[in-house]
Every structure is written in structure tokens, then in C-alpha cells.
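Remarks on the structure that follows.
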Amino acid sequence: MPFGGDMKIDRPALKEAIVDTTLGAIVNFPLSWLTIFVALLFTKNSFIISLSQLIILSLLAIIRRYYIRVYFQERQIRKQKKYGQQQTQENQD
């Protein structure tokens with residue numbers, strides 16, 4: 001239960017969330033500014049500017065989130081294989 005009394009923190013999930021949020025802030029701040037700058041060249045309509053920003057930032061977030069998830073999954077698989085090989089070697093000794 002995530003909000004129970006004996007809550008354990010899933011450290012790999014926390015690390016992934018921190019990495020994703022940090023990368024999102026680093027990428028989204030300048031991209032947000034650029035989107036507004038370019039949109040203001042074509043329109044002053046706040047709805048159009050907000051919509052264009054929503055679409056661009058959402059697409060980028062989906063792509064970023066996908067690659068971060070794949071990276072952390074592959075990393076976990078490599079760790080499991082390495083740990084499994086170490087266990088096998090220890091059992092043979």
C-alpha cells in the first residue's frame with residue numbers, strides 16, 4: 001500500500017523520477033520560451049499560443065519519458081544478469 005504506515009521507498013523508481021523531472025525542466029524551460037517566441041511572431045491569440053505549447057511540450061514529454069523508461073529498464077536487466085552471473089559463480093565455488 002503506497003500510503004500505509006510501513007511505506008518503503010522504491011529507490012530505483014525515485015531515481016528515475018528525479019532524472020525525468022530534471023531533464024524535463026532542463027529541456028522544457030528553453031523550449032517553452034522558444035515556443036512562445038515563435039508563436040508571437042504569428043499570432044497574439046493566447047489560446048493558439050497555449051495550444052501550440054501544449055502539443056509541442058506533450059509530444060516531447062512522451063518521447064523523453066519513453067527513452068528514460070527504456071534506459072532504466074535496460075539498466076535493470078543488465079544488473080540482474082550481472083547479479084545472476086555472480087550468484088552462479090558463487091554457487092560453483
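We did not get these values from a lab; they are worked out from the coordinates using the rules stated. A quick note: this is a predicted structure, and the numbers were derived from the prediction, not measured. Glycine gets a Cβ as well: all are built from the backbone with ideal geometry, and neighbour counts include every protein chain shown.
Can you list, bin by bin at 5 Å, the percent of alpha carbon pairs in the chain, starting at 0?
For the chain, the pair-distance distribution reads 2, 11, 14, 13, 11, 12, 11, 8, 6, 4, 3, 2, 1, 1, 0.
As a check on your grasp of the helix formula, calculate [θ] at 222 nm for the chain: sum -39500 (n - 2.57) over DSSP H runs of n ≥ 4, divide by the residue count, round to the nearest 500.
-31500 deg cm²/dmol
Which whole-number percent gives the relative contact order of segment 12-92, counting Cα pairs below 8 Å spaced six or more residues apart?
Result for segment 12-92 is 35 percent.
For Asp6 and Leu57, FRET efficiency with R0 = 41 Å and r from the beta-carbon atoms, rounded to 0.05?
0.65
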